[in-house]
C-alpha cells in the first residue's frame with residue numbers, strides 16, 4: 001500500500017467514525033427533546049381532559065402508532081440531502097422536492113403528509129408553496145426556512161407553523177418538526193371531539 005492509499009484509508013475510517021458519532025449524537029439529542037416535548041404535551045392533554053375537551057382514552061401519545069411523513073423542499077441539493085438525513089435518523093418518513101412546483105405536485109398526488117419544510121426564498125417560490133398548502137392541504141403544518149433575515153412573527157402571520165433560520169441546529173429542527181406533528185394530531189383529536197359531541 002502506497003503512502004497515498006494509506007492516507008486515503010485512514011481518512012475514510014476517520015470520516016466513518018465521525019459520521020457514526022454524529023448520528024449517535026443526533027439520536028441522543030432527539031430522544032431527550034422528544035421526552036421533554038411529550039411531557040409538555042401530556043400536561044396539555046391533562047388540562048384539556050380536565051376541561052372535558054378530550055376523553056381520558058385519548059391521553060396516550062398520538063404519534064405512538066403512526067410514522068409521521070415529512071416533505072422537505074429546497075433548491076440546494078446539499079441542504080436538502082442534509083435535512084432529509086437528519087429527519088430520517090430521527091425516525092421520520094421523509095421525502096424531498098427541489099422546488100415549489102415539484103412539491104405541490106407531490107402533495108396533490110399523495111397528500112398524506114404531516115409536515116412540509118420549505119425554503120422560503122428559493123427561486124421556485126416557497127411563499128407560493130405555502131399559499132398552496134394552506135389552500136389545498138389545510139391539515140398539513142408547514143415550517144419555513146431561510147438564510148435571509150426574516151422575522152418568525154412575519155412568517156407565522158402568513159400561515160406557517162414556524163420558522164427555522166439557516167443555519168439551524170439538528171435539535172432545533174427535530175424539535176420544531178415534532179411539535180408541528182403533535183399539534184397537528186392534537187387538532188385532529190379536538191376536531192373529532194367537536195364532531196361527536198352533542
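Quick notes on this structure:
- If a spin label sat at a point 7 angstrom from the Cα of residue 169 along the line to its beta carbon, no backbone N atom of region 135-149 would be nearer than 15 Å.
- Separation in nanometres of the label points that stand 7 Å from Cα toward Cβ, at residue 121 and residue 148: 0.5 nm
- Peptides 154-165, 135-146 ordered by average Cβ neighbours within 10 Å, highest first: 135-146, 154-165
- Each peptide in 77-89, 94-106 was scored by the mean count of other Cβ atoms within 10 Å over its residues; highest first, the order is 94-106, 77-89.
Each value in this text was obtained by applying a stated rule to the coordinates, not by laboratory testing. It should be emphasised that the depicted structure is a prediction, and the values quoted were computed from it without experimental measurement. Methodologically, a virtual Cβ is constructed for each residue, glycine included, from the backbone with ideal geometry; neighbour enumeration extends over all protein chains shown.
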